[in-house]
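These notes concern the structure reproduced below.
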Amino acid sequence: MKIINNPEELRKNIEILKKEGKTVGLVPTMGALHYGHISLMKQSVLQNDITVVSVYVNPIQFGPNEDYERYPRPIEKDIQVCQDNKVDFLFMPTNETLYNKNFSTYIYNNNISKIMCGVTRPTHFQGVCTVVAKLFNIAMPQRAYFGLKDYQQYTIIRQMVEDLNFNIEIVGCPIVREESGLAMSSRNTYLSQEEKVQATGIYKSLCLAKQLFAEGKSIKDIKSAVEENILKIPNGKIDYIELRNSQNLREVTDSDKNIVIAVAVKVGNVRLIDNMVCEK
């Protein structure tokens, strides 16, 4: 595995390999790698000749008073995880190499970035789209891998690729969960053991919603049931509960057959997101 910090160095390496006919998969991450990230790496290794993993805590997707400064950065552990999972290139840029002092160009989704997480994090997806577009241009992958835990991000990236004519396949990979059902997240490290147990109520609420949807309950009743259950979590505070079309995140009615039930919940001081796709 080769560790690269400079964007141009990575691009030159990839250009040589692509001229040899190699296919490239990209796994963009912010580090603090866990089994969810590993599942993305494994899928990329399976489908491509070359796998690039980026580890970069992107400052422009954090809002004021968010956790940019304290976001976990276990660099040595992340390097070992990538080595153990057959990653070919680990790209670890700095703020200076990725954003020059005159940087002033951003990518903004003017539709689905305004709902769900975008309500309380209005600049978040602008930062996500901008850095992901830069990574696409640097690594030039045929495929890029995103976990479906952040379903809104996955949907926005797919839209960006379509709108801006990136010749890249976006591969959504299933949520990886702990034995308790809690969705794996780098932010789980912020939770106390007690809070981890309490947070399992999020998954239980989503399972209940899926059952109610299969039984033909109304969107209103499903949302109320999820809210009632999440409010039972000690120190739990709901950011949002949304039932949306699973393809484009438009609002749904009782006649919809394919939906995603997405939630954002604060357990103590830790904001967790999760979702479940339902079909009937």
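The values are calculated or read from the model by the stated rules, or taken from the named source; none is laboratory data. Small disclaimer: the values here were computed from a predicted structure and weren't measured. Every residue, glycine among them, receives a Cβ derived from its backbone with ideal geometry; neighbour counts consider all protein chains shown. Areas reflect the complete protein model, heavy atoms only, side chains present, ligands, DNA and RNA absent. Shrake-Rupley method; radii C 1.70, N 1.55, O 1.52, S 1.80 Å.
Numbers below:
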item	result
Exposure of M276 as accessible area (Å², to 10), given a probe of 1.4 Å and all protein chains	30
11 Å beta-carbon shell around F62, net charge (K/R +1, D/E -1)	-1
Cα Rg over Rh - the stretch 144-280, Kirkwood	0.98
Percent carbon-and-sulfur accessible area, the chain, ignoring ligands, DNA and RNA, probe 1.4 Å	47
Where the stretch 160-280 is the region considered: accessible area per residue in Å², 1.4 Å probe	52
GNM top mover of E194, E15, E178 - the chain, alpha-carbon springs below 10 Å	E194
Percent antiparallel among DSSP beta bridges (both partners in the chain, rounded to 5)	50
Descending Cα extents along the principal axes, the stretch 126-220, whole Å	42, 37, 22
Centre separation in Å (Cα based) which lies between the stretch 118-154 and the stretch 218-280	22
Among 144-150, 108-114, the order from most to least packed when residues are scored by Cβ within 10 Å on average	144-150, 108-114
Per residue solvent-accessible surface (Å²) - the stretch 1-84, probe of 1.4 Å	50
Near-label residues of the stretch 95-125 by backbone N, under 20 Å of a point 7 Å along Cα→Cβ of I238	115-121
Solution diffusion estimate, µm²/s, Stokes-Einstein, the stretch 42-105, Kirkwood Rh from C-alpha pairs, 37 °C, viscosity 0.692 mPa s	237
Computed over the stretch 8-78, the ratio Rg/Rh where both radii use C-alpha atoms and Rh is Kirkwood	1.06
For the chain: Kirkwood Rh in Å [reciprocal of mean 1/r, alpha carbons]	19.7
Environment charge of L272, counting only residues whose C-beta is closer than 9 Å and scoring Lys/Arg +1, Asp/Glu -1	+2
G147 long-range amide H proximity, modeled H, under 5 Å	C173
Pairs of lysine residues in the stretch 1-111 - Cα separation under 22 Å, sequence separation of 8 or more or cross-chain	17
The stretch 27-110: trypsin sites (Lys or Arg not before Pro) in DSSP coil with no more than 11 other Cβ atoms inside 10 Å	R70, K101
